[in-house]
């Protein structure tokens, strides 16, 4: 089982390595920026829109998976806040970003390809449901947390801006638009469907290459103690917490596998944006992204094996 999952995921991480090597050995940063923009605004949204446009024929998912996933996120976030305060003596803003590193996964560039390869297309509706709420929920959480730490006064306008920004996110917008179209139960015109299919087929490999190119911009030495702690929270504590909640609420096997896989993914690049926005822990977060992505090539198949996930 483990060897089979490693065999399924190895080509995906090799594509990440390819992107990393290309950037480290000569490709300009402008190429990385352009590819990432294409993947994030065109390729992945097209894949998700096409999937969700066939909504009426998709397998139904248990919405309780949101309780398992985000409940686990809250548990680990609280652990991260306590760890940041007691062990690293961080202030409130740094604690918030540190804790967010332990729960914000790279769900788009890595989660979608891994779900498709290991659990099959039947898992993508469950992944999409998490994606719709992920950025909105976690960005709002860290915004509220940092604002409270800095000013002890919550800014509703700031939270509203976060919400509007998430809804304008191409990934979230494509899921919502595709789902709306799916409810109409109208077939896509053949020419449109074939065009979307061709773009969708490029989404997985290009997203992984773009991820590797982005990783080449980060270092791994600065803030190593904090980044090691983030790695433990992200790759160990979060999947355990999500799995425990999934078992408590008797979540079906496919949904359990999907949310545990998402929880076991490496730190997402959005956490680095948070660190830059709030001007805390930039080096440690950048390091944790590289470290957890490398480790996830081993830890994610192990996590899926331990929970008995069935490869698609």
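Given the C-alpha atoms of region 2-306, compute the convex hull and give its volume per residue in Å³.
Working: hull volume 40.0 nm³, N = 305.
Dividing the Cα hull volume of region 2-306 by its residues yields 131 Å³.
Using only Cα atoms, tell me the angle between helix 269-278 and the longest principal axis of the chain; keep it within 0 to 90° and round to the nearest 10.
In the chain, helix 269-278 runs at an angle near 40 degrees to the longest axis.
I want to verify a result. In a Gaussian network model of the chain, Cα cutoff 10 Å, which of these has the top mean-square fluctuation: 33, 193, 54?
193
Only residues of region 227-245 count here: report those whose backbone N is under 19 Å from the spot 7 Å along Cα→Cβ of residue 298, or say none.
227-240
Taking 25 Å as R0, compute the FRET efficiency from the Cβ-Cβ separation of residue 54 and residue 247 and round it to 0.05.
On the way: r = 31 Å, r/R0 = 1.24.
Once the sixth-power term is evaluated, E becomes 0.20.
As a footprinting exposure proxy, order 204, 75 by other Cβ within 10 Å, with the fewest listed first.
On the way: 204 21, 75 18.
Fewest to most other Cβ atoms nearby, the residues stand as 75, 204.
Kindly provide the helix-only [θ] at 222 nm of the chain, computed as the sum of -39,500 (n - 2.57) over DSSP H runs of four or more divided by all residues, to the nearest 500 deg cm²/dmol? All intermediate terms of the calculation are to be shown ahead of the outcome.
Working: 15 runs with 229 residues, N = 312.
It lands at -24000 deg cm²/dmol.
Relative to the first principal axis of the alpha-carbon coordinates of the chain, what is the inclination of helix 92-101, with its axis defined by its Cα atoms, in degrees from 0 to 90 and to the nearest 10?
Taking the Cα atoms of the chain, the angle to 92-101 is about 40 degrees.
Give, in nm to one decimal, the length gained when the segment between residue 185 and residue 224 is fully stretched (0.36 nm per residue of separation minus the Cα-Cα distance). Intermediate results must be reported in sequence, preceding the final value.
Values: separation 39, 0.36 × 39 = 14.04 nm, distance 5.15 nm.
Once the chain is fully extended between residue 185 and residue 224, it gains 8.9 nm.
How high is the FRET efficiency from residue 27 to residue 6, r the C-beta distance, R0 25 Å, rounded to 0.05? Kindly include the intermediate steps, with their values, before the conclusion.
Numbers: r = 28 Å, r/R0 = 1.13.
Plugging the Cβ-Cβ distance into 1/(1 + (r/R0)^6) gives 0.30.
Classify region 171-312 from the C-alpha gyration tensor, please: rounded if a/c falls under 1.5, else prolate or oblate depending on whether a/b exceeds b/c.
Values: a/c = 2.12, a/b = 1.37, b/c = 1.55.
Oblate is the answer for region 171-312, as a/c is 1.5 or above yet b/c matches or exceeds a/b.
Pairing the Cα long axis of helix 124-151 with the longest principal axis of the chain, what angle in degrees results, from 0 to 90 and rounded to the nearest 10?
So the inclination is approximately 20 degrees.
Which order results if 234, 116 are arranged by neighbouring Cβ count within 10 Å, fewest first?
Working: 234 31, 116 20.
So the residues, fewest neighbours to most, are 116, 234.
Once you keep just the Cα pairs under 8 angstrom separated by 6 or more residues, what percentage relative contact order results for the chain? Spell out each step's value before the answer.
Working: 481 pairs, mean separation 111.6, N = 312.
It comes to 36 percent, rounded to a whole number.
Fully extended, how many nm does the chain gain between residue 133 and residue 195 (0.36 nm per residue separation, minus their Cα-Cα distance)? Intermediate results must be reported in sequence, preceding the final value.
Numbers: separation 62, 0.36 × 62 = 22.32 nm, distance 2.82 nm.
Using 0.36 nm per residue and subtracting the Cα-Cα distance, I get 19.5 nm.
Every number here is computed from the coordinates shown, using simple stated rules; none is lab data. Predicted, not measured: the structure shown is a model, and the values here were computed from it. Reconstructed Cβ throughout: ideal geometry from the backbone, glycine too, with neighbour counts over all protein chains shown.
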